[in-house]
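One structure is given below, encoded as structure tokens.
The values are calculated or read from the model by the stated rules, or taken from the named source; none is laboratory data. Please read these numbers as outputs of a predicted model, since none were measured by experiment. Cβ placement follows ideal geometry from the backbone for every residue including glycine, while neighbour counts extend to all protein chains displayed. These accessible areas exclude ligands, DNA and RNA; they are computed on the full protein's heavy atoms, side chains included. Shrake-Rupley method; radii C 1.70, N 1.55, O 1.52, S 1.80 Å.
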Amino acid sequence: MSQKPTYTSAVKQVINDLISAGTSFDIGQLERIYHDDLQVLMITEDGNITEANKDGFKAMFQSKLDAGAPALNTWADFNHIQADDQNAHVLVRRKVKLMEDEQDLILSIDLVHEDDRWQVIREVIFVRQD
């Protein structure tokens, strides 16, 4: 399976759509982009790991929406995108306030192409100290 620019472009667009949906708390769009088997692992520098599934991660965004939280930072620096016709992997650095304070995050995101669209099936989020 060779990597083609059309796959990487499509995957980058999905990640940009994900960033847009997450930062604006668009639960409908998150539902569409996140795979039903989504697994999210958040790892801090001191080794603490939290896990979430699709419903749990969407609930975090829903709580921000319900609380009237301001939109999140959309800044992203794409470090790597690899894709073929069925699977993709993205490394992207983000600055975003998922928890109490804005954090510097490195995200390793795996996607699968199912149901005629790219879906995020795994996010591993490394939280970096400032």
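At-a-glance table
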{"read-out": "Size-normalised alpha-carbon gyration radius of segment 62-117, reference 2.2 N^0.38 Å", "value": "1.42"}
{"read-out": "Positive-end residue, the chain charge dipole about Cα centroid, Cβ charges, pick of Val14, Ala69, Gln129", "value": "Val14"}
{"read-out": "Sites Thr6 and Ala71, calculated FRET efficiency, Cβ-Cβ separation with R0 25 Å, nearest 0.05", "value": "0.25"}
{"read-out": "Share of carbon and sulfur in the accessible heavy-atom surface of the chain [1.4 Å probe, %]", "value": "45"}
{"read-out": "Simple Cβ-charge dipole of the chain, Lys/Arg +1 and Asp/Glu -1, about Cα centre, in debye nearest 20", "value": "340"}
{"read-out": "Angle between the chain longest axis and helix 54-66 axis [Cα atoms, degrees, rounded to 10]", "value": "50"}
{"read-out": "Virtual paramagnetic centre 7 Å along Cα→Cβ of Met60, amide N under 17 Å, in segment 81-122", "value": "92-110, 120-122"}
{"read-out": "Mean Cα-pair separation over length for the chain, i.e. relative contact order, pairs under 8 Å, 6 or more apart, %", "value": "27"}
{"read-out": "Label point distance in nm, Asp36-Asp85, each placed 7 Å from Cα along Cα→Cβ", "value": "2.5"}
{"read-out": "Option label - Rg/Rh (Cα atoms, Kirkwood Rh) computed here, alternatives (1) 1.12; (2) 0.95; (3) 1.45", "value": "(2)"}
